[in-house]
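A quick write-up on the structure given underneath.
Where a number appears in this text, it was derived from the coordinates with a stated rule and is not lab data. It should be emphasised that the depicted structure is a prediction, and the values quoted were computed from it without experimental measurement.
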Amino acid sequence: MAACLSEICFGGTSCIHADYDSTSEVLNMGIFDKIFGGSKEPTPRVQELMAQMKSDDPAIRKAACDALGELGDEAKPATDLLEELIQDQDGDVCNAAADAISKVVRGF
């Protein structure tokens, strides 16, 4: 595959310049995920935690929220479920879901 020169500009002032020998190299580096928001498909770990978020046990739901918050960008596919759990009947689950959203979506 031919070399590719890319330039991505933000606000017309800062640009990222990249010269890649193959598209697969770019994808393997995860640069598109970082720039364009990551994968829409949950990883197996996120899928497992999303299933735990539906548990009848509030301690399991809270632990799943806590774990998702630690995963950062990887947990973005679980954002909708986290938003639902902000309305959970258990206050600890509500707080854990809100904290996880802050970490996953906002990065803190």
**Asked** Residue by residue through region 83-89, which ³J(HN,Hα) values in whole Hz follow from phi under the Karplus form 6.51 cos²θ - 1.76 cosθ + 1.60 (θ = phi - 60°), with glycine and proline marked x?
**Response** 4, 5, 6, 5, 8, 4, 5
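Using 0.36 nm per residue, how much length does the chain from V105 to I60 gain when fully extended, once their Cα-Cα distance is taken away?
Details: separation 45, 0.36 × 45 = 16.20 nm, distance 2.18 nm.
Between V105 and I60, full extension yields an extra 14.0 nm.
Distances longer than 13 Å among the Cα atoms of region 44-106: what percent of all pairs is that?
On the way: 963 of 1953 pairs.
Here the tail beyond 13 Å accounts for 49 percent of pairs.
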